[in-house]
Amino acid sequence: MINSLDNDLKNYFQKNIVLTLKNKQYKKGKLINYKASGCYISFIILTEKKRETFEIPFPFNIKKEQNKLVFDYTLESLAEQDYELLVNLKATNQVKKCKFFNSILTISSLN
């Protein structure tokens, strides 16, 4: 999965990108670099005001759609069509508030 992520993200280097989370703009700028380490992916983007580094958790699934990458954090993606597991995941309480919980993040190029 890391190799396919590497190949997919190479298409976005030095391009203006927008990251959208829950249909709202999350981050916007020129992608300078990224690094996958452990359970997180670190991005370095150049915004209009400054150079910004931020981390996002590694997604459960990555899909390539029309000119965008989709990072899937949904419980359905984690369960991988195992209905019993999905029911158990939905029944558990969220311990810590996380903006990526059961959501989708998209990376789109503006160029």
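FYI, it's all coordinate maths here, none of it is from the lab. Note that the structure is a prediction, hence the values are computed from the model and not measured. Backbone-built Cβ (ideal geometry, glycine too); neighbour counts: all protein chains shown.
List of remarks:
- Over the chain, DSSP H runs of length four or greater, each weighted -39,500 (n - 2.57), average out per residue to a 222 nm ellipticity of -5500 deg cm²/dmol.
- 20 Å Cα cut-off, lysine pairs counted over the range 31-96 (separation 8 or more, or different chains): 4
- For the chain, the dipole from Cβ point charges (+1 on Lys and Arg, -1 on Asp and Glu) about the Cα centre works out to 760 debye, to the nearest 20.
- Legend: calculated FRET efficiency, LYS99 to GLU76, from the Cβ-Cβ distance at R0 = 25 Å, rounded to 0.05, equals 0.85.
- Site-free segments of the chain were taken between GluC sites (Glu not before Pro) in DSSP loops having at most 16 other Cβ atoms within 10 Å, sites themselves excluded; the longest one is 1-47.
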